[in-house]
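Presented below is the structure to which this report refers.
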Amino acid sequence: MLLSSLSFQEILSSFLVLFAVIDITGAIPIIMGINSGGQKVKAGKAAVISLVIYVAFLFAGDWLLKLFNTDIESFAIAGSLILFALAVEMIFSIEIFRNDGPAGYSTVVPVVFPLIAGAGGLTTALSLRAQYDVSNIVIALVLNMIVVYFVIRYVDKVEHIIGKGGIYILRKFFGVILLAMAVKMFIENLTLLIKNF
């Protein structure tokens with residue numbers, strides 16, 4: 001049953017969208033700043049806690065939607081607007097979402113929340129449920145957390161290999177991908193809402 005629902009295309013699409021939203025490469029300077037300030041960000045702890053938060057939200061999200069009397073399509077449209085704003089941030093280097101959480105005192109805050117498992121990522125994960133099978137999204141989340149682990153674990157080497165220019169290019173590239181996916185998600189779910197109405 002589970003194997004029949006697995007789709008490489010859905011896993012890849014979910015992975016790319018979540019990778020762009022999580023933007024762990026863009027968080028490299030912040031992680032390095034925390035490490036240089038005398039507090040070591042624990043890669044394993046950050047990845048595991050982030051994954052637990054994502055998966056819990058992914059499954060509890062339906063209950064939350066029912067509690068507020070809304071549907072997954074409407075939530076996906078709202079999520080697509082957040083993705084659109086995040087993409088604009090990434091492409092044009094402007095600040096829309098202000099990171100005003102407590103800074104630099106543990107792995108959980110601000111690394112897990114709001115950097116890795118922030119509002120944008122959690123909204124995106126739940127929004128993807130309107131398009132993809134949940135098992136494919138969970139696999140995409142696990143793969144993203146593996147990337148998160150290795151980036152945090154080897155943050156100095158990653159920055160050295162990619163370089164500041166590489167991080168800048170990656171951010172712009174995934175910003176464009178995210179923008180295209182936000183538009184696609186908006187149109188598909190708006191069409192479903194109109195059809196159901």
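The values are calculated or read from the model by the stated rules, or taken from the named source; none is laboratory data. All of these numbers come straight from a predicted model, not from anything done at the bench. Methodologically, a virtual Cβ is constructed for each residue, glycine included, from the backbone with ideal geometry; neighbour enumeration extends over all protein chains shown. Note: accessible area is taken over every heavy atom of the protein model, side chains too, but ligands, DNA and RNA are not part of it. Shrake-Rupley method; radii C 1.70, N 1.55, O 1.52, S 1.80 Å.
Tell me which of these Val48 doesn't satisfy, since it passes every other one: (1) open to solvent by 60 Å² or more (accessible area, probe 1.4 Å); (2) of a type in the set (A, V, I, L, M, F, W, C); (3) under 13 Å from the mean Cα position of the chain (by Cα).
Of everything listed in (1) open to solvent by 60 Å² or more (accessible area, probe 1.4 Å); (2) of a type in the set (A, V, I, L, M, F, W, C); (3) under 13 Å from the mean Cα position of the chain (by Cα), Val48 misses just condition (3).
In this structure, is Glu188 more than 26 Å from Val55 (Cα to Cα), of a type in the set (Asp, Glu) and surrounded by 15 or more Cβ atoms within 10 Å (Cβ to Cβ)? Don't jump to the end; show me each part of the working.
Numbers: more than 26 Å from Val55 (Cα to Cα): no; of a type in the set (Asp, Glu): yes; surrounded by 15 or more Cβ atoms within 10 Å (Cβ to Cβ): yes.
No.
Tell me which residues, restricted to the stretch 94-132, are under 18 Å from Met32 (Cα atoms), open to solvent by 20 Å² or more (accessible area, probe 1.4 Å) and at pLDDT 75 or above.
Residues satisfying the conditions are Val108, Leu115.
What tally of residues in the stretch 3-32 results from selecting those that are surrounded by fewer than 19 Cβ atoms within 10 Å (Cβ to Cβ), at pLDDT 90 or above and not polar (S, T, N, Q)?
Qualifying residue count, the stretch 3-32: 4.
Can you name every residue in the stretch 153-166 that is surrounded by 18 or more Cβ atoms within 10 Å (Cβ to Cβ) and at pLDDT below 85?
Step one: list which residues in the stretch 153-166 are surrounded by 18 or more Cβ atoms within 10 Å (Cβ to Cβ), which gives 155, 158-159.
Val158, Glu159 - these are the residues of the stretch 153-166 that are surrounded by 18 or more Cβ atoms within 10 Å (Cβ to Cβ) and at pLDDT below 85.
Which residues, taken from the stretch 167-181, are at pLDDT 80 or above, more than 16 Å from Leu12 (Cα to Cα) and within 14 Å of the chain's Cα centre (by Cα)?
Gly175, Leu179
Restricting attention to the stretch 125-150, which residues are in contact with a Ser or Thr (Cβ under 7 Å, 6 or more places away or on another chain) and either over 19 Å from Glu10 (Cβ atoms) or in a helix (DSSP H, G or I) (or both)?
Within the stretch 125-150, Ser127, Leu128, Ser135, Asn136, Ile137, Ala140, Met145, Val148 qualify.
Does at least one position in the stretch 83-93 carry a residue that is farther than 25 Å from Ile11 by Cβ, at pLDDT 80 or above and open to solvent by 50 Å² or more (accessible area, probe 1.4 Å)? Spell out the reasoning first.
Going residue by residue through the stretch 83-93, those that are farther than 25 Å from Ile11 by Cβ are 85, 88-89, 91-93.
Next, only the ones that are at pLDDT 80 or above stay: 85, 88-89, 91-93.
From what is left, the residues that are open to solvent by 50 Å² or more (accessible area, probe 1.4 Å) are 92-93.
So far as the stretch 83-93 goes, yes, one or more of its residues are farther than 25 Å from Ile11 by Cβ, at pLDDT 80 or above and open to solvent by 50 Å² or more (accessible area, probe 1.4 Å).
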